[in-house]
Amino acid sequence: MLRKFGIVAGLIILLTACQPTPTFLNSASPISSHESGLYWIILIMAMVVFVLVEGALIWILVRDRKRDGDEELPPQLHGNTRLEITWTAIPVLLTIALFIMTIQTASAVAAPLQMKTDLNLRVVGHRWWWEFDYLDLGIATANELHIPAGTTVQVSLESVDVIHSFWVPELSGKTDVIPGQHNTMWLKGNQPGVYLGQCAEFCGTQHALMRFKVFVDSQEDFGAWVADQQTKVYAPRTADEEAGQKIVLDACIPCHSLDPAEVETKKVGPNLAHLFSRSTFGGGAFDLNEENLRKWLKDTQGMKPGNDMSITVSSQEFDELMAYLTKLK
Ligand code: CUA
């Protein structure tokens, strides 16, 4: 039994060590530092209470135990008014203090009434990928969000199908993404870095593969990224690329867009205009490279069962398609 437990515990440690698990304790934003601050205060208070109460309990058990040779029970105490008032008053005061700190934290992380917003972002949840629309900048992307460091981003959240939940542990708490409702939140990254996000509300078979990345860029890097995303879609230069573009227009465009400025459509699939500017695809589940994209186009249902995509192409069309798609940077 003990050995089995040891093996399971070892496996858990091994598996969790494979990928660093993002946590709000590695806070990289004002929101998560409010949250982790409150967490530590509550944890330390709880530990002090635990040590004092358990310590007193053990001390009394030892001090007042029945010793060898004792004929009768030790003297019994009933009702000590001063003690009872003390151990009622202290928890009440602690609870009031926690209540006040919790309200303060909740109002600090809620969207401020007079938000000074530098960037408006719309997040749309789809089964199972994330659409990111930059309403002021006229660009749309998927599964990889870029925001400038130190900038407050106002986020509105919508869903086209079921309830999802937007969560970037190191940057923000969870906010539900509900069909027919506009929830709002704000985001701010202190320092440039890459932070992992995950859908946090069960939304179907591929819920676990509804991930995303948030790139907090320096102001210059963000400006350069926006300029790249605003450029027109790549125009084919070879016969293969041209044939590939035709396949995309015929087979993909009903569900995807090739127009980087098309932000209002809530299409079934991600905007492909700058596909290869991203590092992942399929809801952040796979590294984006030619090999994986080929696999995906051959057997999308095998790689991510239940997703909305299906495509059948001959092997010649396949090469043409890849010739074009890999140029969409
Ligand atoms: Cu979307 Cu879980």
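The values are calculated or read from the model by the stated rules, or taken from the named source; none is laboratory data. None of these values were measured; they are calculated from a predicted model. Neighbour counts run over all protein chains shown; Cβ positions are idealised from the backbone, glycine included. All accessible areas refer to the heavy atoms of the entire protein, side chains included, with ligands and DNA or RNA removed. Shrake-Rupley method; radii C 1.70, N 1.55, O 1.52, S 1.80 Å.
Of all the numbered requirements in (1) within 16 Å of the ligand (Cβ to nearest atom); (2) over 26 Å from Ala106 (Cα atoms); (3) of a type outside the set (Val, Ile, Thr); (4) open to solvent by less than 10 Å² (accessible area, probe 1.4 Å), Gly244 misses one, and that requirement is (1).
Would you tally the residues in the stretch 102-121 being out of contact with any helix residue (DSSP H, G or I) (no Cβ under 8 Å at 6 or more places or on another chain), aliphatic (A, V, I, L, M) and modelled with pLDDT of 75 or more? Of the residues in the stretch 102-121, 5 are out of contact with any helix residue (DSSP H, G or I) (no Cβ under 8 Å at 6 or more places or on another chain), aliphatic (A, V, I, L, M) and modelled with pLDDT of 75 or more.
Selection within the stretch 177-198: residues that are surrounded by fewer than 16 Cβ atoms within 10 Å (Cβ to Cβ) and more than 23 Å from Ser279 (Cβ to Cβ). The member of this set that is nearest to the ligand (Cβ to nearest atom) is Pro179.
Taken over the stretch 207-236, the criterion of being basic (Lys, Arg) and in contact (Cβ under 8 Å) with a residue 60 or more places away in the chain is satisfied by Arg211, Lys213. Residues in the stretch 206-227: is at least one open to solvent by 50 Å² or more (accessible area, probe 1.4 Å), in contact with a strand residue (DSSP E or B) (Cβ under 7 Å, 6 or more places away or on another chain), modelled with pLDDT under 90 and within 16 Å of the ligand (Cβ to nearest atom)? No, the stretch 206-227 contains no residue that is open to solvent by 50 Å² or more (accessible area, probe 1.4 Å), in contact with a strand residue (DSSP E or B) (Cβ under 7 Å, 6 or more places away or on another chain), modelled with pLDDT under 90 and within 16 Å of the ligand (Cβ to nearest atom). May I ask you to verify whether Thr151 is surrounded by fewer than 20 Cβ atoms within 10 Å (Cβ to Cβ), away from the ligand (no atom under 12 Å from the Cβ) and in a loop (DSSP other than H, G, I, E, B)? So Thr151 fits the description; yes. The residues of the stretch 163-176 that are open to solvent by 20 Å² or more (accessible area, probe 1.4 Å) and either of a type in the set (A, V, I, L, M) or within 12 Å of the ligand (Cβ to nearest atom) (or both), listed by number, are Ile163, Trp167, Lys174, Asp176. On the stretch given as the stretch 259-287, residues that are open to solvent by less than 30 Å² (accessible area, probe 1.4 Å) and over 18 Å from His126 (Cβ atoms) total 2.
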